[in-house]
Ligand SMILES: Nc1nc2c(c(=O)[nH]1)N[C@H]1C(S)=C(S)[C@@H](COP(=O)(O)OP(=O)(O)OC[C@H]3O[C@@H](n4cnc5c(=O)[nH]c(N)nc54)[C@H](O)[C@@H]3O)O[C@H]1N2
Ligand SMILES: Nc1nc2c(c(=O)[nH]1)N[C@H]1C(S)=C(S)[C@@H](COP(=O)(O)OP(=O)(O)OC[C@H]3O[C@@H](n4cnc5c(=O)[nH]c(N)nc54)[C@H](O)[C@@H]3O)O[C@H]1N2
Ligand code: SF4
Ligand code: SF4
Ligand code: SF4
Ligand code: SF4
Ligand code: SF4
Ligand SMILES: [Mo]
């Protein structure tokens, strides 16, 4: 596939947004359970969620660049019964709405608003409830986004649970790295907490991403030139595709890059997304350097762009069998 | 499902439907044009048209993009003072000025030396009118594209069987069981051939293709027989060898309908060596083969008059006449001729295995003999014998330029005609069948003028500008035996040049050989590009000046519809209409679209008004002829005879009162007659009402064996298709050719070739076909240039003229040189890599594409895809000029000087057919440092005044396109 | 239920591209609006076409087969391009199985084109909506056309009638008969898309030659044996005897 930058930005940005929110809410929930000290500079979760929201909005904007007819985007919610894309389109604003509400509740420290007040005086804060809903929405969104790719069965590189898992873990990891960075400014006492989680998730993502690389390297393609045109012969060569200066079939589905370029891209993203941020997190936390932590996030985000580019480029669409030679 | 857009709802607009005839190519299918609000909505095949039965081709269906192409010329143009030819700097002038310029110039030429006006036309199909204009003007210097196209095919077959392929006749695939296609990629009969081929295959027919390349039609053949280019003659002669050896020939057919059994004098010493022995039966009219030959009868073992009641002749043997002359039946001579052409010999030459050659012969012979068809159609032969049935030997052939475009093509094609004859397949079911007005006498009656005296000032030419010489006396040469025509057609260099030699006109005119001319009018031919050999040099000649600074070719007029390469070299440009904008006829006087079953002609009727100031060339000719007061266009009182072209078509008669005119249908005052009848003022309306086509279906009994069918011949004579109702016996043995040979040997009284050409004539005018290497090959170092280079017609492009077509050019945007991987790898040329192809005459840089579908000794490309920068209104960086290339730069119009002479055309020595496919090349990779673009490149051609603007993007929608669509803006460039 | 479809006979397709341009021509002024061409007269011309003819070479010289292979939307019975469409612009008509795009609903997200394994969809780069072969639905039910012409433009155009059209669910239709009797097959069956369009393979006709066909009693060469004539002037009984 030819990587579409709008989609790369969409998926990576909302990934960060989702992860950032999850980090905020994890912190919030931990502190509600008193595992973490309750953050007194009350706006931390609120501001953090707003940052998440900024990323989500960024992703949304990027997504519009992918649409030929953005003015009709509203129509895309119609097919939620069958289309993961439609579902994504529904879940994304829902999630953003929830994150927005959550951000307001926490930013203004409306801790008193509760859904349920027990006799013992402990109360179930509204913000926590909204947070749970947003968390669920976030995971739903990860699933939707991942399934958009994973559900196309003949794109064999994508058609795997690993696609969804990677989308989720990579998004969450990048969000936690961002949260680590953010906390180093706004709540240094939480930095280590976030850093540890960020490292763990990044590491987990590394494992699953490598697993998917391993899997994809061993795919046996079901479609061949023989099945594509229905002729059995070991030597079949296309001589003309019917037009000579390209069409959507050559523009959208071919990355037009050399194998070496692809391979380099793989090593670049593997380095930028996993070991480098891990090291930078460690260094940043050890030396309490916000600068290095920002750097960790930026490096990882750039790595994710490369990862997503590679994700697209690596996918061999069976339609390409029909478009081998001008 | 809630649908926002109802897919069944047609867009609004006023719909009109009109019929006319396509001219995206010379096939001339019937089309139905649907217009919406005056713009073309859709062009489809007319289901009621006999030629295409409703189908259409890629070009035909892209007519819209031709109609609205920005490359269209819309105004008469004059070369700007001081600008060089080729610079394409023009100013707009009016039509009245244009006519004044032409009138003045031509009037002067006609009154002084009519030869100095040369009219040559390319891919047109209106030679009846253009030829007539030339004749009336009085210039012999007229020809259409035939000489550089396929005159070998016409001449080789017409001089043998009285008919030919394409419009003239073709394979009867309805009934054939075995079909052999030789050297054909697309041909003129595009749609009908495809329709028939598919039907044939579905009926279970077996299809064999003989071609160095497997594409298009050949792709669906049951068997592909790759052959080395230029060697088909060898293959065919070997097939004849094998058929005779095994007795798989149709003896009865040969005896009755050919000159196989006729006795030829073989006395080497005598002056009639190689001529038929004749009885003293009085000779018949001039253009017919007199029925005065002799057989050797088996029963009585003596010479008898040919076709005598109950006689049965020997086909083989040697006999002594009463007067002691040694004689042999023509068939014996054929047998002797093919003796040495064994399959073993041919395998060497053609690259086809001995087994395959033998098997092909057996397949043909056995199918012809054992799968005979008997149709219950009674007919009477011209000798009065009744037949209850029509027999067919269902082996059909079709061949085209793969045979024709070689300088040995005439003899290869004669060999093919003889192969078809030996199998007994001429004008019979399942074999070859004629189309009216064929068969013609062998050779046809029309003769070229004979001497200088036939060209006189202010007088029509005495004779037809083009014709069919039957003997040296019919040549068009002066007292010294030197050519009179500028292209040297009908001279001793190319005696049977029945279609002229358009490919030599520019070179000869430039060299002023045999004389300088003044005005060259080119219609519908891209002579500065794809229809010239040696294109780069020809472009220089077109612009070349003498010491005084005068152009070697003083004045060039070009009538074209588009901004072609040729237009750049014009002094005067006449913007033609498109086929959707003009009246036109596919006339009986010309090349009608007849069917096997009978004559068919058709017309074009405009479906829309001419764009800008475009004027049909037909109208230009009528206007000019009237202004010049050419007799056929002028009343006795000197007034103009015809208002316009439609008027001319209706009212013109070949001779006053002859009742014969351009169109055969609805003649007679009330439209009740056909073929012959007085002019009908409503003829156009009748055609319009009838799908623009007139079809006459002859009775079944007239549809076969027409060379000898009394019913048919009488009918044809009555309807003036033929002058004489005489049998047209097949010339297995060609006495016509022998007459030239005898002249060259000095054995005749009459005209003899100049000394320098004696040997050439003696060698190539052989009464029986023989194989020789193409002339260019003979003169090439085959070690150095080991490969043959040929072109093929792409089905989705017509010559050079479809690159202005936005849809078609997406299919063929540029071209590759296709090379067998083994051949390419041996030279280090990579797939998709840049490479050089070099011949003795020039070189070209192009892109390579490996192909397993080409014989390893051949490289090829699609014809005329490459373009000169800026031509056809394409941008300077268009792929056509950047990556596309033209093979013509490698092909010379003249052979290297050799012992037979200087400046001898690269053509068949018999007919003057251009030897396009004879060129030999070598290949090697381009240096990686070299530019990644094709070579040679030419100075970009600017946009001509009156052409359209090119847009980044078009969205054609009929009814809105030139009106209010966002992409419109049709302002002419350069205004 | 009806499932209209094309059956393409590779045994007769000569690769002429008539189906390509007739399709373009019919549809560019059709109910869906124009089909854009970009750079029509410049470098790299490209445009929206619903049907393409490709060429393949099978095998090695001299045993090469050249196959021309036309391809448009296959109107899958289980079309993966439809459920993925978020707007419902991509749909399959219940009444005849034609897969269509509602151009006025489409947001141009290209997702359906990812979901088509056959590369049969075409974004119109100017109008920014997805387009594809409509099976000329706007001809099929057009009462103003004669019955015989209520067929796709490409089918009517094809000079070799390599394109058959009909209902593949009707066992007696020309298409069903052709699929059944001529070995019709579907492309990429591995994905379960059940393309309605089918292809007919190459079929070869051969002519075996039997030895005895070459040796025949009626060989015309036999006629040509000129029997030596007994000399007239040498002695005979006539010279010496009388009865
Ligand atoms: N290498 C190589 N060269 C070849 C051949 C080959 O096989 N190989 N084939 C040869 C053969 S067989 C032929 S016939 C020639 C053909 O060569 P040409 O006769 O030159 O044919 P075209 O390229 O079609 O160009 C004819 C001109 O007609 C113009 N034209 C198109 N429509 C109209 C119209 O309606 N009116 C007018 N007035 N002009 C119009 C076009 O713009 C173009 O400039 O090429 C020959 N050249
Ligand atoms: N679409 C389309 N149709 C056209 C034209 C066009 O430009 N486009 N041009 C029209 C014109 S003017 C003409 S003259 C006709 C020409 O019609 P064709 O004669 O069919 O055209 P060519 O492309 O010259 O085809 C020649 C074929 O002969 C093969 N060949 C070359 N050399 C040899 C040989 O020595 N032996 C054998 N056996 N084969 C050989 C080539 O591979 C090629 O397949 O087409 C007409 N029809
Ligand atoms: S074959 Fe020629 S005449 Fe017939 S439709 Fe095609 S372009 Fe027109
Ligand atoms: S129109 Fe027919 S023969 Fe021509 S390419 Fe299309 S399917 Fe093949
Ligand atoms: S061929 Fe492609 S576009 Fe057509 S129905 Fe099947 S999946 Fe959809
Ligand atoms: S591009 Fe249009 S038809 Fe395709 S999935 Fe998107 S909205 Fe649906
Ligand atoms: S059915 Fe109609 S839309 Fe589809 S390829 Fe044929 S002509 Fe084009
Ligand atoms: Mo030609």
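Assorted remarks:
- A residue that is in contact with a helix residue (DSSP H, G or I) (Cβ under 9 Å, 6 or more places away or on another chain) and within 15 Å of ligand 6 (Cβ to nearest atom) can be found somewhere in region C:50-59.
- Verdict on residue B:336 being assigned to a strand (DSSP E or B) and either touching a helix residue (DSSP H, G or I) at 6+ places or on another chain (Cβ under 7 Å) or in the same structural domain as residue B:274 (by TED's automatic domain parsing) (or both): no
- Residue B:584 within 16 Å of ligand 8 (Cβ to nearest atom) and either touching a strand residue (DSSP E or B) at 6+ places or on another chain (Cβ under 7 Å) or not assigned by TED's automatic domain parsing to the domain that holds residue B:519 (or both): no
- Restricting region B:1-45 to residues that are within 16 Å of ligand 1 (Cβ to nearest atom) and free of Cβ contacts under 8 Å to residues at least 40 places away in the same chain, the residue that is nearest to residue B:64 (Cα to Cα) is B:43.
- Scanning region B:326-357 for residues that are more than 32 Å from the chain's Cα centre (by Cα), buried (at least 18 other Cβ atoms within 10 Å of the Cβ) and farther than 21 Å from residue B:315 by Cβ turns up nothing.
- Taking the listed residues A:148, A:219, A:231, A:152, the one that is in contact with a strand residue (DSSP E or B) (Cβ under 8 Å, 6 or more places away or on another chain) and within 14 Å of chain C (Cβ to nearest Cβ) is A:231, with no other qualifying.
- Yes/no for residue B:893 being surrounded by fewer than 17 Cβ atoms within 10 Å (Cβ to Cβ) and either more than 14 Å from chain C (Cβ to nearest Cβ) or away from ligand 5 (no atom under 16 Å from the Cβ) (or both): no
- Region B:1-23: number of residues that are facing another protein chain (nearest Cβ under 10 Å) and away from ligand 6 (no atom under 16 Å from the Cβ): 7
- Residue within region B:793-808 that is surrounded by fewer than 23 Cβ atoms within 10 Å (Cβ to Cβ), within 21 Å of residue B:916 (Cβ to Cβ) and within 16 Å of ligand 4 (Cβ to nearest atom) present: yes
- Condition met for residue C:46 (surrounded by fewer than 21 Cβ atoms within 10 Å (Cβ to Cβ) and either more than 8 Å from chain B (Cβ to nearest Cβ) or in contact with a strand residue (DSSP E or B) (Cβ under 6 Å, 6 or more places away or on another chain) (or both)): no
- Entirely in region C:90-177, the helices (runs of 4 or more DSSP H) that have 2 or more residues that are more than 24 Å from residue A:318 (Cβ to Cβ) and either touching a strand residue (DSSP E or B) at 6+ places or on another chain (Cβ under 7 Å) or away from chain A (no Cβ under 14 Å) (or both): C:137-140, C:153-157
- Of all residues in region C:188-204 being under 29 Å from residue B:60 (Cβ atoms) and surrounded by 24 or more Cβ atoms within 10 Å (Cβ to Cβ), the one that is nearest to the other protein chains (Cβ to nearest Cβ): C:199
- Residues that are closer than 22 Å to residue B:673 by Cβ and in a strand (DSSP E or B), drawn from region B:690-710: B:693, B:694, B:695
- Residues that are more than 8 Å from ligand 3 (Cβ to nearest atom) and in contact with a helix residue (DSSP H, G or I) (Cβ under 9 Å, 6 or more places away or on another chain) within region B:38-49 comprise B:39, B:40, B:41, B:42, B:43, B:44, B:47, listed in sequence order.
- Region B:885-900, residues that are within 16 Å of ligand 1 (Cβ to nearest atom) and over 26 Å from the mean Cα position of the chain (by Cα): none
- Some residue of region B:2-22 being within 16 Å of ligand 4 (Cβ to nearest atom) and under 27 Å from residue B:947 (Cα atoms): yes
- Residue in region C:72-89 that is nearest to the other protein chains (Cβ to nearest Cβ), counting only those that are under 19 Å from residue A:154 (Cα atoms) and either touching a strand residue (DSSP E or B) at 6+ places or on another chain (Cβ under 6 Å) or at pLDDT below 95 (or both): C:82
- In this entry, residue B:520 passes the filter for residues that are under 24 Å from residue B:938 (Cβ atoms) and crowded, with 24+ Cβ neighbours inside 10 Å.
- Matching entry among B:623, B:653, B:613, B:597 (being surrounded by fewer than 19 Cβ atoms within 10 Å (Cβ to Cβ) and closer than 22 Å to residue B:78 by Cβ): B:613
- Residue within region C:111-123 that is more than 16 Å from ligand 2 (Cβ to nearest atom), modelled with pLDDT under 95 and closer than 27 Å to residue A:247 by Cβ present: yes
- Candidate set: region B:901-930, residues that are more than 16 Å from ligand 1 (Cβ to nearest atom), touching a strand residue (DSSP E or B) at 6+ places or on another chain (Cβ under 8 Å) and at pLDDT 95 or above; chosen: the one farthest from residue B:768 (Cα to Cα): B:930
One line per residue, one yes/no per condition, for (1) outside any helix (DSSP H, G or I); (2) within 16 Å of ligand 2 (Cβ to nearest atom):
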position	(1), (2)
B:99	no, no
B:105	no, no
B:110	no, no
B:128	no, no
B:135	no, no
B:140	yes, no
B:154	no, yes
B:160	no, no
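- Qualifying helices (runs of 4 or more DSSP H) (wholly inside region A:178-287; at least 2 residues being at pLDDT 95 or above and closer than 30 Å to residue C:8 by Cβ): A:225-229
Yes or no, residue by residue, for (1) part of a helix (DSSP H, G or I); (2) under 17 Å from residue B:395 (Cα atoms); (3) within 16 Å of ligand 3 (Cβ to nearest atom); (4) within 14 Å of another protein chain (Cβ to nearest Cβ):
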{"site": "B:186", "(1), (2), (3), (4)": "no, no, yes, yes"}
{"site": "B:192", "(1), (2), (3), (4)": "yes, no, yes, yes"}
{"site": "B:200", "(1), (2), (3), (4)": "yes, yes, no, yes"}
{"site": "B:239", "(1), (2), (3), (4)": "yes, yes, no, no"}
{"site": "B:264", "(1), (2), (3), (4)": "no, no, no, no"}
{"site": "B:274", "(1), (2), (3), (4)": "no, no, no, no"}
{"site": "B:288", "(1), (2), (3), (4)": "no, no, no, no"}
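- Residues satisfying the stated conditions in region B:323-337, i.e. more than 14 Å from chain C (Cβ to nearest Cβ) and out of contact with any strand residue (DSSP E or B) (no Cβ under 7 Å at 6 or more places or on another chain): B:323, B:324, B:337
- Taking the criterion of being more than 16 Å from ligand 2 (Cβ to nearest atom), at the interface with chain C (Cβ under 10 Å from one of its Cβ atoms) and part of a helix (DSSP H, G or I), the only residue of region B:31-78 that qualifies is B:64.
The values are calculated or read from the model by the stated rules, or taken from the named source; none is laboratory data. What you see is a predicted model; the values in this text were computed from it and never measured. Please note: Cβ atoms are built from the backbone with ideal geometry, for glycine as well, and neighbour counts cover all protein chains shown.
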